[in-house]
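Here's the structure, in structure tokens; my notes come after.
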């Protein structure tokens, strides 16, 4: 292969790769539809159905969870990022509701500290405090998780012992 044909081949390969990546990005973007229910990660959203549901089907329970408060009031909680669907059926197995649920990050008052490929997340309301989010640097994530678990442990031990007597 000559130098000119190698250059031509490399340009063609580069264009094909760029086109493939652009196509993949569009396919992965999964555009939000007007009828999608958007739930924020680690938050809940209420949904009132037109009539009571007898059965709830969740496409991917690792993305979203549903709790029935009353027959027609659902609490949908975003568990991790992604898209799934939720179907509500009545007692006769008729579809009451069938929609996609998009779980995404709440970007309001969130600051991301990016150090190369390592990300650390902070919730800044009003001062910035560490917040662990899937995708954060593993060392940072584990350190914040451990500190949080330790604090919860202190609280649980304190509540288990009940009120302390003053010795009087």
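The values are calculated or read from the model by the stated rules, or taken from the named source; none is laboratory data. Since the model is a prediction, treat every value here as computed from it, not as a measurement. Neighbour counts run over all protein chains shown; Cβ positions are idealised from the backbone, glycine included.
Tabulated data
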quantity	calculated
Qualifying residue in the range 152-163 (condition: modelled with pLDDT under 85 and in contact with a strand residue (DSSP E or B) (Cβ under 9 Å, 6 or more places away or on another chain))	no
When residues of the range 26-44 are limited to those that are surrounded by fewer than 12 Cβ atoms within 10 Å (Cβ to Cβ) and within 26 Å of residue 68 (Cβ to Cβ), the one modelled with the lowest pLDDT	33
Counted residues, the range 81-95 - those being on the phi > 0 side of the Ramachandran plot and crowded, with 16+ Cβ neighbours inside 10 Å	1
Boolean, residue 105 is crowded, with 16+ Cβ neighbours inside 10 Å, at pLDDT below 90 and within 19 Å of residue 39 (Cβ to Cβ)	yes
Test set (1) out of contact with any strand residue (DSSP E or B) (no Cβ under 7 Å at 6 or more places or on another chain); (2) surrounded by 14 or more Cβ atoms within 10 Å (Cβ to Cβ); (3) touching a residue at least 12 places away in the same chain (Cβ under 8 Å) - residue 134 fails condition number	(2)
Test: residue in the range 63-80 that is closer than 25 Å to residue 51 by Cβ, modelled with pLDDT under 90, surrounded by fewer than 12 Cβ atoms within 10 Å (Cβ to Cβ) and in the same structural domain as residue 47 (by TED's automatic domain parsing)	yes
Single residue of the range 108-129 satisfying the filter (free of Cβ contacts under 8 Å to residues at least 12 places away in the same chain and under 24 Å from residue 64 (Cβ atoms)) that is surrounded by the most Cβ atoms within 10 Å (Cβ to Cβ)	112
Any strands (runs of 3 or more DSSP E) falling wholly within the range 68-168 and containing at least 2 residues that are more than 18 Å from residue 57 (Cβ to Cβ) and within 18 Å of the chain's Cα centre (by Cα)	110-115, 118-124, 128-131
